[in-house]
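Reading through the structure tokens given below for one structure.
The values are calculated or read from the model by the stated rules, or taken from the named source; none is laboratory data. All of these numbers come straight from a predicted model, not from anything done at the bench. Here the Cβ is made from the backbone with ideal geometry for all residues, glycine too, and neighbour counts use every protein chain on show. SASA here: full protein model, heavy atoms, side chains in, ligands and nucleic acids out. Shrake-Rupley method; radii C 1.70, N 1.55, O 1.52, S 1.80 Å.
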Amino acid sequence: MAEGVVIRPEREADHPVIAEVVRAAFVGHPREVASFVERIRESDQSIPELAFVAEDSSGVIAHVMLSWVGVEGASRPGILNLTPMSVRPDRQRIGVGAQLIRDALGRVEEAGEPAVMVEGIAAYYPRFGFERASALDFISPHPTIPDEAFMVKRLRGYSPDLAGRIVYPAAFDTLGYQRPA
Ligand SMILES: CC(C)(COP(=O)(O)OP(=O)(O)OC[C@H]1O[C@@H](n2cnc3c(N)ncnc32)[C@H](O)[C@@H]1OP(=O)(O)O)[C@@H](O)C(=O)NCCC(=O)NCCS
């Protein structure tokens with residue numbers, strides 16, 4: 001665990017520095033991902049109490065948010081999605097991301113949610129208990145997503161009828177996803 005790192009919910013005053021951290025982390029498409037964060041925050045799918053920062057003596061060093069995405073054909077209309085996940089480059093690979101994800105998943109579990117999905121690095125998320133979503137009968141929101149990058153973590157209360165076709169909300173347009181008409 002990284003020394004002196006505190007995880008706490010994001011506050012409005014953090015928004016500008018969060019945008020800086022997001023832009024620095026997603027160096028290949030900084031504007032798109034920073035505006036994705038804003039679109040999620042402004043949307044009906046936003047869950048303000050499930051957006052978190054990691055902070056050390058230098059300020060905010062990482063950010064993650066959970067928000068709703070749709071699930072068609074399932075017993076519930078939505079599932080929590082963990083995205084985007086950003087660690088400031090000078091604090092990467094020292095365990096900050098892991099600390100933030102574990103803390104966020106703990107708070108999700110406390111809130112009684114039965115599952116979380118992620119579209120992300122296939123070599124990273126399984127250590128937190130994420131599994132291939134297709135093996136759990138989820139259908140990917142977009143054909144360009146590699147099967148191994150589409151993952152779900154089952155939590156207490158998970159049941160197979162939560163699986164269905166994931167539908168990304170409008171905020172994902174920012175990342176170039178086209179939703180079905
Ligand atoms: C990916 C990211 C969130 C991981 O957070 P982190 O705090 O740097 O990672 P941790 O210290 O918790 O874990 C380190 C391990 O993560 C894995 N990892 C980190 N980045 C990785 C990458 N781009 N590809 C594959 N594995 C990666 C490695 O196994 C690494 O172990 P190593 O140091 O032995 O190589 C962070 O590096 C980041 O913000 N990257 C840029 C933005 C991004 O890609 N976000 C995630 C999109 S799903």
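List of remarks:
- Scanning the stretch 81-102 turns up no residue that is open to solvent by 30 Å² or more (accessible area, probe 1.4 Å) and in contact with a Leu (Cβ under 7 Å, 6 or more places away or on another chain).
- Candidate set: the stretch 115-162, residues that are basic (Lys, Arg) and more than 16 Å from the ligand (Cβ to nearest atom); chosen: the one farthest from the chain's Cα centre (by Cα): Arg156
- Picking from residues in the stretch 51-80 that are among the acidic types (Asp, Glu) and within 11 Å of Val5 (Cα to Cα), the one that is least open to solvent (accessible area, probe 1.4 Å) is Asp56.
- Subset of the stretch 21-32 (residues that are in contact (Cβ under 8 Å) with a residue 12 or more places away in the chain, farther than 15 Å from Gly97 by Cβ and not in a loop (DSSP other than H, G, I, E, B)): Glu32
- Selection status of Val87, within 16 Å of the ligand (Cβ to nearest atom) and within 30 Å of Val167 (Cβ to Cβ): yes
- Residue in the stretch 60-67 that is more than 13 Å from the chain's Cα centre (by Cα) and within 12 Å of the ligand (Cβ to nearest atom) present: yes
- Residue match in the stretch 10-20 (condition: open to solvent by less than 20 Å² (accessible area, probe 1.4 Å), in contact (Cβ under 8 Å) with a residue 12 or more places away in the chain and within 12 Å of the ligand (Cβ to nearest atom)): no
- From the list Ile166, Ile61, Ile79, the one residue that fits, being of a type in the set (Val, Ile, Thr), touching a strand residue (DSSP E or B) at 6+ places or on another chain (Cβ under 9 Å) and farther than 26 Å from Ile18 by Cα, is Ile166.
- Looking across Pro48, Pro30, one residue alone is open to solvent by 10 Å² or more (accessible area, probe 1.4 Å), away from the ligand (no atom under 15 Å from the Cβ), at pLDDT 95 or above and not aliphatic (A, V, I, L, M). It is Pro48.
- Residue tally, condition open to solvent by 60 Å² or more (accessible area, probe 1.4 Å) and either within 24 Å of Pro146 (Cα to Cα) or without any contact (Cβ under 8 Å) to a residue 12 or more places away in the chain (or both), over the stretch 106-118: 1
- Candidate set: the stretch 37-64, residues that are of a type outside the set (Gly, Ala, Ser) and not in a strand (DSSP E or B); chosen: the one nearest to Leu80 (Cα to Cα): Gln45
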